[in-house]
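The values are calculated or read from the model by the stated rules, or taken from the named source; none is laboratory data. This structure is a prediction, so every number in the text was calculated from the model and none was measured. For neighbour counting, all protein chains shown are included, and Cβ atoms are generated from backbone atoms with ideal geometry for every residue, glycine included. Surface accessibility is based on the protein's heavy atoms, side chains included, excluding ligands, DNA and RNA. Shrake-Rupley method; radii C 1.70, N 1.55, O 1.52, S 1.80 Å.
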Amino acid sequence: MSVDKREVLDRIRKVGLIPILRTPSADDALGMAEVLHQAQLTALEIPLTVPGALEVIAELSARWGAEVLVGAGTVLDERSAAACINAGAAFIISPSTEPEVIETCNEASVAVLPGALTPTEIVRAWRLGADMIKVFPASAAGGAAYIRAVKAPLPGILLVPTGGVSVETAADFIKAGAAALGVGSDLVDVTALREGRGHVIGERARLYLDIVAAARG
């Protein structure tokens, strides 16, 4: 079941968190997705670096329909973008700004979040038709202070800091003006999953949600 692009963007902003399931296997991704779903996370990114990523996207999209927004990450070209959309991806994320990916998503009315870092790159991606901008690598560029500095002259551009986001820095990123956060290894703990400690991941996910809500409040 497809979800309207505007609703997708509204829901990403509402939950404020996009876990990046960059796992070694498809089974790990499916297991992690289930744990995060149980923790009430409603948006998930499956990077194309995951073996069988398209099949994972298709399976999760069919399993949950509109209940969970299953997006594709590390999408670098037009063909990959189209394949992800056909598999059911509700949004497309790239680590860089690829004009053909943005164009493909816009033509299909699918939310697109290209990666950019400098103000010049961010504005270029926005003008090309990006819905939100993945600021990557955010922590390496200066963290929340960098996001705050960029947002000052560009308040209307929706930024999603990614790269080094943690429970220690999440609140600062939100207070600096981030529309949502991309979170990887600090939340997506494959070792814990394989050891049967999914409850630890779930507790951390709920902690992230609480932090985002408190920072906004």
Query - Accessible area per residue in Å² at 1.4 Å probe, computed on region 34-99 - result: 37 Å²
Requested in this report: For region 46-60, take each phi angle, set θ = phi - 60°, evaluate the Karplus expression 6.51 cos²θ - 1.76 cosθ + 1.60, and give the result in whole Hz per residue in order, putting x for glycine and proline.
Outcome: 9, x, 6, 6, 6, x, x, 4, 4, 5, 5, 4, 5, 5, 5
Query raised in the report: Given a 1.4 Å probe and the protein chains all in place, what does the accessible area of LYS151 round to, in Å² to the nearest 10?
Result: 30 Å²
Query raised in the report: Dipole of the chain (Lys/Arg Cβ +1, Asp/Glu Cβ -1, origin at the Cα centre): which of VAL123, ILE201, ALA214 lies farthest to the positive side?
Result: ALA214
Report task. Return the calculated 222 nm mean residue ellipticity for the chain, to the nearest 500 deg cm²/dmol, obtained by summing -39500 (n - 2.57) across DSSP H runs with n ≥ 4 and dividing by the residue count. Result -> -14000 deg cm²/dmol
Report summary line: Phi-derived 3J(HN,Hα) across region 206-212 with the Karplus relation (6.51, -1.76, 1.60, θ = phi - 60°), rounded Hz, x for Gly and Pro, is 5, 4, 4, 4, 5, 5, 4
Query raised in the report: Roughly how many nanometres apart are two label points built 7 Å out from the Cα toward the Cβ at LYS14 and THR118?
Result: 3.8 nm
**Report entry** Separation in nanometres of the label points that stand 7 Å from Cα toward Cβ, at ARG148 and ARG206
**Finding:** 3.1 nm
Report task. May I ask which residue of SER61, ALA89, ALA26 lies farthest towards the positive end of the charge dipole of region 23-106, with charges of +1 (Lys, Arg) and -1 (Asp, Glu) on Cβ and the Cα centre as origin? Result -> SER61
Query raised in the report: Which distance in nm do the two modelled labels at GLU55 and ASP77 give, with both placed 7 Å along the Cα-to-Cβ direction?
Result: 2.2 nm
Query - Kirkwood Rh, angstrom, the chain [1 / mean 1/r, Cα pairs] - result: 16.9 Å
Report summary line: Answer in debye to the nearest 20: the dipole magnitude of the chain about its Cα centre, from +1 Lys/Arg and -1 Asp/Glu charges placed on Cβ, is 720 debye
